[in-house]
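A quick write-up on the structure given underneath.
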Amino acid sequence: MLVLSRRVGERLVIGDDIVVTVIEVRSDGVRLGIDAPRDVRVHRAEVLDALTAANADAASADDSTAAALRRLVPPGTPSATPPAAPAPGAAGAPDSSAEAPSGR
């Protein structure tokens, strides 16, 4: 880890296009300004950790969660699974013997 001392108004340049500026120094913390391209994600570590944990919790469904979701669907409603593709050669299946367009 690189440790630097900076004063208010001083900057730190990371790579060619990220600039960190010391905005304010208080007794309880430091305010930083970060200038970075839009495609560079900048997150506070504690927020990113909380978001990652919340996403993991939401993705892990147990049996009671699945049962609660099933109760939300009225009886007789068709399944939410997509229909299977027709077998090759069956009615409605794309004809694989048809000529491809020549592009002329």
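What the table below lists for this structure:
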| item | result |
| --- | --- |
| Pairs where the first residue, in the stretch 1-15, is without any contact (Cβ under 8 Å) to a residue 24 or more places away in the chain and the second is among the charged types (D, E, K, R), C-beta under 7 Å, 6+ apart | Val8/Glu24; Leu12/Arg6 |
| Selection status of Arg38, at pLDDT 95 or above and farther than 13 Å from Arg6 by Cα | yes |
| Of all residues in the stretch 43-75 being within 30 Å of Val20 (Cα to Cα) and acidic (Asp, Glu), the one that is farthest from the chain's Cα centre (by Cα) | Glu46 |
| Meets criteria (in contact (Cβ under 8 Å) with a residue 12 or more places away in the chain and among the polar types (S, T, N, Q)) for Thr77 | no |
| Extreme residue, modelled with the highest pLDDT, among residues of the stretch 49-88 that are in a loop (DSSP other than H, G, I, E, B) and surrounded by 10 or more Cβ atoms within 10 Å (Cβ to Cβ) | Val73 |
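The values are calculated or read from the model by the stated rules, or taken from the named source; none is laboratory data. Computed from a predicted structure; not experimentally measured. Note: ideal-geometry Cβ built from the backbone for every residue, glycine included; neighbour counts use all protein chains shown.
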